[in-house]
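Read through the structure below, which is laid out as structure tokens, and then see the notes.
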Amino acid sequence: MISVIIPAYNEEQNIRACLESVSRQTIPRDSYEIIVVDGGSKDRTREIAEEYADLVFIQTSKKVGGARNDGAEKARGSLIVTTDADCIIPPDWLSVITEAFDRDLGTVQLFGPVIPMEGGLKNHLFLALANNFSRFGYYARLFYYTLGCNTAFRKEAFFRAGMYRTVDAGDDLEIAKRMKDLGKVTFENRMRVIFSMRRYEQYGTLKSLYEWVYIVAHGGDSDKHSYSKREYKK
């Protein structure tokens with residue numbers, strides 16, 4: 001059993017497409033469960049999620065890392081896989097993940113690249129740079145630039161590592177530092193998701209990047225920027 005955990009907050013415009021894509025995996029549907037952890041949405045997010053997910057509930061822990069932890073606490077699977085409610089998932093995603101874990105029993109965490117959902121040269125260049133930065137850090141063994149929208153864990157190791165820190169930004173990078181003490185953190189190039197660039201399009205690429213770096217540099221928390229629960233335009 002694989003447990004796919006999806007945090008969501010006011011995502012009625014996006015979550016149906018995400019869940020439909022997760023539901024159309026090449027592996028049998030009864031071999032994985034979908035868990036949606038809602039951050040107290042004021043729209044129809046939970047109602048839509050209940051059409052597809054095996055479990056939908058309101059989070060009790062803080063922030064997006066806390067939502068992922070809440071989902072993991074209820075997960076039945078031995079593998080925990082995380083993505084975001086505004087992502088689109090290729091049909092071989094879970095197949096690639098299971099094959100990679102089976103291929104190397106020493107791997108405790110997997111991560112992969114992201115592809116922009118929206119068109120435009122700027123979006124493609126930005127994510128190409130991000131993906132190459134991630135590859136460089138991995139192959140140089142300097143850092144692990146993982147993303148919560150495209151990460152998988154062995155559940156037992158995830159709990160031993162202490163799960164996600166509940167911070168505003170950088171929690172998905174920070175956990176890899178602890179996971180590597182328990183086994184291999186592995187970059188899998190075939191493990192891809194289609195990633196929404198709406199934050200960067202609506203708030204500006206440089207501004208969003210600056211805010212993210214600022215928050216991470218200040219330990220993951222900040223009163224200066226509201227980063228994790230922005231109200232997006234419809």
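From the list Asp54, Asp86, Asp102, exactly one residue is among the charged types (D, E, K, R) and touching a residue at least 40 places away in the same chain (Cβ under 8 Å). Which is it?
Asp86
Within segment 39-81, how many residues turn out to be in a strand (DSSP E or B) and surrounded by fewer than 22 Cβ atoms within 10 Å (Cβ to Cβ)?
Matching residues across segment 39-81 total 5.
Quick one: would you say Gly77 is at pLDDT below 95 and either more than 18 Å from Asn10 (Cα to Cα) or not basic (Lys, Arg) (or both)?
no
State which residue is nearest to Arg24 (Cα to Cα) when the search covers only segment 94-117 and only residues that are acidic (Asp, Glu) and part of a helix (DSSP H, G or I).
Among them, the one singled out is Glu99.
Among the residues of segment 118-152, write down those that are buried (at least 18 other Cβ atoms within 10 Å of the Cβ) and either of a type in the set (Lys, Arg) or outside any helix (DSSP H, G or I) (or both).
Once the filter is applied, which keeps residues that are buried (at least 18 other Cβ atoms within 10 Å of the Cβ) and either of a type in the set (Lys, Arg) or outside any helix (DSSP H, G or I) (or both), segment 118-152 yields Tyr144, Tyr145, Thr146, Leu147, Thr151, Ala152.
From (1) under 21 Å from Phe153 (Cβ atoms); (2) within 18 Å of the chain's Cα centre (by Cα), pick out the condition that doesn't hold for Gly106.
For Gly106, the failing item is (2).
The values are calculated or read from the model by the stated rules, or taken from the named source; none is laboratory data. Predicted, not measured: the structure shown is a model, and the values here were computed from it. Cβ coordinates were reconstructed from backbone atoms using ideal geometry, including for glycine residues, and neighbour counts include every protein chain displayed.
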